[in-house]
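Rule-based calculations on the coordinates, nothing more; no lab input. Since this is a predicted model, take the numbers as computed values, not measurements. Cβ placement follows ideal geometry from the backbone for every residue including glycine, while neighbour counts extend to all protein chains displayed.
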Amino acid sequence: MRKIRLACRAFGKWAASNQLRLFPFRENLSDYTSLDSKADLRAAINIALLAIPQGMAYAAIAELPILYGIVCSAIAAMVAPLFASSKHT
């Protein structure tokens, strides 16, 4: 257990020294406006119109239930922005 704790501390120091952040989106929230939210909503609709059929197709190719592709598309769309550091991604 001690080795795991030391490894975690070493990784934490390395991540801090290389300025890796877990949730970089926090810096951008201070200047987020309603115009930004409208543009983001339009972008989300466009991505959903592309990602959901693509997820369904990949699920069909993998011979999985189509619902798996839809759920994976939705989860990816909710989780991915949390780890993006740019306003333009």
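Take the Cα of residue 50, step 7 Å toward its Cβ, do the same at residue 34, and the gap between the two points is 2.9 nm.
For the pair residue 84 and residue 68, label points projected 7 Å from Cα toward Cβ lie 2.7 nm apart. Computed packing ranks the peptides 36-42, 63-69 as 63-69, 36-42, most packed first, by mean other Cβ atoms within 10 Å.
Between residue 7 and residue 57, the contour length at 0.36 nm per residue exceeds the Cα-Cα span by 13.8 nm. Is the range 22-83 rounded, prolate or oblate when judged by the Cα gyration tensor, a ≥ b ≥ c being the square roots of its eigenvalues, rounded requiring a/c under 1.5 and prolate requiring a/b larger than b/c? Cα axes put the range 22-83 in the oblate bin.
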